[in-house]
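Report on one structure; see the data block that follows.
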Amino acid sequence: FRFLSGLPHGAYFGAALLLASDIAPVGKRASFMSKVFMGLTVATIVGVPVVTLVGQNLSWRYCLAGAGVLAFIAFIFVYYVVPNVKNTHKSNLLNELGVLKNKLVWSILGIVIIGFGGVFCIYTYVADTILDVTQSPAYTISIAMVMFGIGSTLGNYLLGKAADKSAIKTTGLTLASTIIFAFAYVSASYNIYLLYLVIFFIGCSLGLSTLVQTLLMDVSPNGHAMIGALVQCAFNIANAIGPWVGGIAIAQGAQPNQTGYVAGALFLGGLFMWWLSFIQINNNNAKQTAAAY
């Protein structure tokens, strides 16, 4: 049942992002799609602490039951509130599979697969860092998670706004900034307040999800349903790579806070994939301009 409950995830977000793109006014597509991801970021602030509290004091079964109730409420809202707009995207199998032939799609997905591994690398070992390195009380872990959630919500909103103007440039600047914060995480972990601040800024990088989705829609006029699914797959792969690489470093004797170095390397890899994508986008734009004349 855990497996079955995960199946709708990619389909739901893929369809929701397409809908947000369709109903967005001209020049507001990225910020509208960021509102879809806002659900995840708000859930990080509210949901994680609440279910942790419920699970510790009652039972984890109540958490799953609550998730089921919320899903049913969401279903009712979607049915009665969300507009039933006509699908403007071609949606046959050939168009969807044709996305896989686009090299630019794969380089942009590489930003997520490699770069976002850095986010999950740090996030996975935050609790160990606080307990073993910062040596703060266990309750400060929840505060750190809330700081991460607030950062992800704010970052998602602001980066979505910036992406309306230039998604590719905003992506590059965000990745470069996150590299700095990943390395700062190592030293900041000896002071709980500095650690809160760095975790907040690391959380801001979750806004990259909207940027990547926007870039993929820009470079591929068709196959947007496949793109929605591929983005979710890319995030899941990153969620596996980040903790795995960080775990290897810890197994070799690194301290939990030194996963910041590992995360920084992953972010640097994501920045390299961004550079490859940036070059391809500029070349494509140059060819289109030359063809127009």
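Read-outs throughout are calculated quantities, based only on the coordinates presented, and are distinct from any laboratory measurement. Everything numeric here is computed off the predicted structure, so don't read it as measured data. Virtual Cβ from ideal backbone geometry, glycine too; neighbours counted across all protein chains shown.
Relative contact order (percent) for the chain, with alpha-carbon contacts under 8 angstrom and 6 or more residues of separation? All intermediate terms of the calculation are to be shown ahead of the outcome.
Details: 410 pairs, mean separation 94.3, N = 293.
Dividing the mean separation by the residue count of the chain yields 32 percent.
Could you give the size of the charge dipole of the chain about its Cα centre, using +1 on the Cβ of each K and R and -1 on the Cβ of each D and E, expressed in debye and rounded to the nearest 20?
Dipole magnitude for the chain comes out near 660 debye.
Principal axes first, then extents: for the Cα atoms of region 44-85, list largest minus smallest coordinate on each axis, whole Å, largest first.
Result for region 44-85: principal-axis Cα extents of 43, 20, 9 Å.
At 222 nm, what helix-only mean residue ellipticity would the chain give, in deg cm²/dmol to the nearest 500, using -39500 (n - 2.57) for each DSSP H run of four or more?
Here the helix-only value at 222 nm equals -27500 deg cm²/dmol.
Please rank Arg2, Arg61, fewest neighbouring Cβ atoms within 10 Å first, as an exposure proxy.
In order of increasing Cβ crowding within 10 Å: Arg2, Arg61.
Based only on Cα atoms, what Rg/Rh ratio does region 8-285 have, Rh being taken as Kirkwood's radius?
Values: Rg = 19.1 Å, Rh = 19.5 Å.
Rounded to two decimals, Rg/Rh equals 0.98.
Please report, to one decimal in angstroms, the Kirkwood hydrodynamic radius of region 216-293 built from all distinct Cα-Cα pairs. Don't jump to the answer; show the numbers that get you there.
Working: mean 1/r = 0.0652 Å⁻¹.
It works out to 15.3 Å.
What is the order of Ile192, Ile180, fewest Cβ neighbours within 10 Å to most?
Going from sparsest to densest Cβ surroundings: Ile180, Ile192.
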